[in-house]
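Notes to accompany the following structure.
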Amino acid sequence: MKIILDDNTKKQLIDLYNNQNIHIEGNILKLIDTSNDVEFEEYINKFIENDKDMRRKRLVITKRVQQQNNELLKAKDEYERIQTELSQSLIKTQESAIEAEKLRKEAENAKIEAENDLDILQKKKQNELIGKIVVVALWIIIGVGIVTTGVYLFSIFSGIDTQLIASTWSNIIGILLTNAFSIIGTIMGVKYASEMKK
């Protein structure tokens, strides 16, 4: 089917293009009958060619836009992949930091426990040593006291003059008692001072 235009309409279309640069475009150009009018045929053929050029340009632009869209989609996918990897890496880093902090606290607690155990062990050993020193010192003092008292009693029952022995015995017993209290006081003072220091 062809569209037939009268001469006046053809002239108006040509004048419209010449004066205001407005023209017909699109598929309708192929349907207009241009027979027996050379000027109007040139007009129609010009815009058919122009329309083909415009279609080619639009096709090129469309292909370029599609290509750019594909590149943008790939870039978006790559960006999302990198974001996911970064998020996972950040989560792993945070988990590692939490685990490291947990291990540090466990090590700190173990150190405190070891120090407490060592302190308890040292106090136990120290108490045992102090107890042994006190026992040995007391046994020595008691032994010397018994021996001195035995010599004094032997002198009394033997009839030997005990005046010299009595004063000696009295001095020895006084010295032994003084030394016993001195040893016990020194040991207790050292123990108290070490506990205060800690």
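Would you check if there is a residue in the stretch 124-133 being assigned to a helix (DSSP H, G or I), in the same structural domain as Gly189 (by TED's automatic domain parsing), of a type in the set (A, V, I, L, M, F, W, C) and modelled with pLDDT of 75 or more? Walk me through it before giving the result.
From the stretch 124-133, those assigned to a helix (DSSP H, G or I) are 124-133; that's our starting set.
Now narrow it down to the ones that are in the same structural domain as Gly189 (by TED's automatic domain parsing): 124-133.
Subset that is of a type in the set (A, V, I, L, M, F, W, C): 129-130, 133.
If we keep only those that are modelled with pLDDT of 75 or more too, we end up with 129, 133.
Among the residues of the stretch 124-133, at least one is assigned to a helix (DSSP H, G or I), in the same structural domain as Gly189 (by TED's automatic domain parsing), of a type in the set (A, V, I, L, M, F, W, C) and modelled with pLDDT of 75 or more, which makes the answer yes.
Go through the stretch 28-56 and give me each residue that's in contact (Cβ under 8 Å) with a residue 24 or more places away in the chain and surrounded by 13 or more Cβ atoms within 10 Å (Cβ to Cβ). Before the answer, list the steps.
Narrowing the stretch 28-56 to residues in contact (Cβ under 8 Å) with a residue 24 or more places away in the chain: 28, 31-33, 37, 39-40, 43, 47, 50-51, 54.
If the condition is that a residue be in contact (Cβ under 8 Å) with a residue 24 or more places away in the chain and surrounded by 13 or more Cβ atoms within 10 Å (Cβ to Cβ), then Ile32, Asp33, Asp37, Phe40, Tyr43, Phe47, Asn50, Asp51, Met54 are the ones that fit.
From the list Lys105, Lys57, exactly one residue is of a type in the set (D, E, K, R), out of contact with any Gly (no Cβ under 6 Å at 6 or more places or on another chain) and within 30 Å of Gly26 (Cα to Cα). Which is it? Talk me through it step by step, then tell me what you get.
Values: Lys105 fails: within 30 Å of Gly26 (Cα to Cα).
None of the other options fit; the residue is Lys57.
Regarding the stretch 59-82, can at least one residue be identified that is in contact with a strand residue (DSSP E or B) (Cβ under 8 Å, 6 or more places away or on another chain) and either polar (S, T, N, Q) or surrounded by 10 or more Cβ atoms within 10 Å (Cβ to Cβ) (or both)?
Residues of the stretch 59-82 in contact with a strand residue (DSSP E or B) (Cβ under 8 Å, 6 or more places away or on another chain): none.
The answer is no; no qualifying residue exists.
Just checking, which of Val151, Val136 is within 60 Å of the chain's Cα centre (by Cα), in a helix (DSSP H, G or I) and free of Cβ contacts under 8 Å to residues at least 24 places away in the same chain?
Details: Val151 fails: within 60 Å of the chain's Cα centre (by Cα).
Of Val151, Val136, the one residue that is within 60 Å of the chain's Cα centre (by Cα), in a helix (DSSP H, G or I) and free of Cβ contacts under 8 Å to residues at least 24 places away in the same chain is Val136.
Is it the case that the stretch 159-170 has a residue that's at pLDDT 80 or above and assigned to a helix (DSSP H, G or I)? Step through it out loud before you land on a result.
Residues of the stretch 159-170 at pLDDT 80 or above: none.
There is no residue in the stretch 159-170 that is at pLDDT 80 or above and assigned to a helix (DSSP H, G or I).
The values are calculated or read from the model by the stated rules, or taken from the named source; none is laboratory data. This structure is a prediction, so every number in the text was calculated from the model and none was measured. Here the Cβ is made from the backbone with ideal geometry for all residues, glycine too, and neighbour counts use every protein chain on show.
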